[in-house]
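A quick write-up on the structure given underneath.
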Amino acid sequence: MSLIYGTGVDIIEIARIKRAIERWGEEFLHHVFTDEEIAYAQNRPSPGQHFAARLAAKEAVLKAMGDNRHVHWKDLQISHDGHGRPVCIYKKRSFKQKIHISISHSEHYAVASAIITS
């Protein structure tokens with residue numbers, strides 16, 4: 001039986017992320033995203049949507065964690081499993097819980113939810 005430790009949800013305007021990338025460029029990208037996340041998004045037809053979706057997922061995970069003072073953006077990596085489902089990899093080895101995420105985006109918004117279980 002799994003216990004739910006926390007839930008989180010986040011929604012982001014894609015235009016806001018596009019503006020941040022235009023303003024701060026690579027510095028912003030490398031501050032928030034891993035090299036793998038950057039490569040994935042930049043190889044998609046609409047990179048802004050994919051960056052926004054990954055940022056929303058990271059925000060949702062941080063909210064689900066609750067006490068996240070020692071978690072940095074790049075400690076979390078948003079990727080896909082072999083079936084194309086989004087997954088969150090938390091690079092801290094002592095974290096034993098499971099992170100479940102869901103991501104969606106439209107032309108203007110990206111949204112993500114996270115649930116942390118035992």
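The values are calculated or read from the model by the stated rules, or taken from the named source; none is laboratory data. Nothing here was measured: the structure is a model prediction, and the numbers come from that model. Every residue, glycine among them, receives a Cβ derived from its backbone with ideal geometry; neighbour counts consider all protein chains shown.
Condition first: under 17 Å from ALA15 (Cβ atoms) and small (Gly, Ala, Ser). Can you find one or more residues in segment 77-91 that meet it?
Taking segment 77-91 as the starting set, the residues that turn out to be under 17 Å from ALA15 (Cβ atoms) are none.
No; the residues of segment 77-91 include none that is under 17 Å from ALA15 (Cβ atoms) and small (Gly, Ala, Ser).
Has segment 2-14 got any residue that is under 19 Å from SER118 (Cα atoms), without any contact (Cβ under 8 Å) to a residue 60 or more places away in the chain, in contact with a Ser or Thr (Cβ under 9 Å, 6 or more places away or on another chain) and among the aliphatic types (A, V, I, L, M)?
No, segment 2-14 contains no residue that is under 19 Å from SER118 (Cα atoms), without any contact (Cβ under 8 Å) to a residue 60 or more places away in the chain, in contact with a Ser or Thr (Cβ under 9 Å, 6 or more places away or on another chain) and among the aliphatic types (A, V, I, L, M).
With (1) over 16 Å from ILE116 (Cα atoms); (2) of a type in the set (S, T, N, Q); (3) at pLDDT below 95 as the list, and ASN68 as the residue in question, which single condition is left unmet?
(1)
Quickly run through segment 75-100 and pick out the residues that are among the polar types (S, T, N, Q), out of contact with any Ser or Thr (no Cβ under 7 Å at 6 or more places or on another chain) and in contact (Cβ under 8 Å) with a residue 40 or more places away in the chain. Give the derivation first.
Keep residues of segment 75-100 that are among the polar types (S, T, N, Q), which gives 77, 79, 94, 97.
Restricting the remaining residues to those that are out of contact with any Ser or Thr (no Cβ under 7 Å at 6 or more places or on another chain) gives 79, 94.
Residue satisfying the conditions is SER79 alone.
Across segment 23-74, what is the number of residues that are over 17 Å from LYS91 (Cα atoms), aromatic (Phe, Trp, Tyr) and in contact (Cβ under 8 Å) with a residue 24 or more places away in the chain?
2
Going through segment 98-115 one residue at a time, which ones are among the basic types (Lys, Arg) and within 14 Å of ALA15 (Cα to Cα)? Write out each step before concluding.
Here is the first cut: in segment 98-115, the ones among the basic types (Lys, Arg) are 98.
Hits for segment 98-115: nothing passes.
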